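Please treat every number below as a calculation from the coordinates, not as lab data. Values in this document were obtained by computation on a predicted structure and should not be read as measured data. Heads up, the Cβs are rebuilt from the backbone with ideal geometry, glycines too, and the neighbour counts pull from every protein chain shown.
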Amino acid sequence: MPTIKFTSQTMPQSGKELTQRLQTALRNSSPLDDFIQLVKDLKQLETQYQMDSEEFFDRFQRGDMGDQITFIRWANKYEIYANNTRWRIVAYCFRIIASVSQGQISDIRFSRAMVV
């Protein structure tokens with residue numbers, strides 16, 4: 001998701017101008033860039049708290065992690081990652097590309113059922 005920052009000099013002067021800037025940002029965004037940023041964010045949190053996102057999410061769901069805003073955001077990001085089929089397909093394709101480039105596989109045959 002694109003991030004838009006305004007300063008006092010760049011603040012939209014009307015709702016119409018704000019809408020136009022948001023539409024431009026969305027048109028120029030890429031789902032792949034969003035996925036890469038999501039993964040980077042999850043990896044940063046996993047490193048910071050020394051646990052993987054799946055373990056964190058299980059503990060968060062049980063109420064073991066508290067309700068710090070960082071944990072709420074982490075849980076939200078993990079849910080987006082875990083529940084979005086499109087991202088899983090992209091992740092699966094990344095794994096295939098990595099395997100092919102490392103010479104681990106040479107014949108690629110897959111279907112949507114393998115990644116859903």
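A few remarks follow.
- Förster radius 22 Å - calculated FRET efficiency between Thr3 and Tyr49, Cβ distance, rounded to 0.05: 0.40
- Estimated FRET transfer efficiency (Glu17, Ile72; beta-carbon r; R0 30 Å; 0.05): 0.40
- Restricting the range 1-82 to chymotrypsin sites (Phe, Trp or Tyr not before Pro) that sit in a DSSP loop and have at most 11 other Cβ atoms within 10 Å of their own Cβ leaves Phe6.
- From phi via Karplus (6.51, -1.76, 1.60), per-residue ³J(HN,Hα) for the range 61-75 in Hz, x at Gly/Pro: 4, 6, x, 7, 9, x, 10, 4, 4, 4, 6, 5, 5, 4, 4
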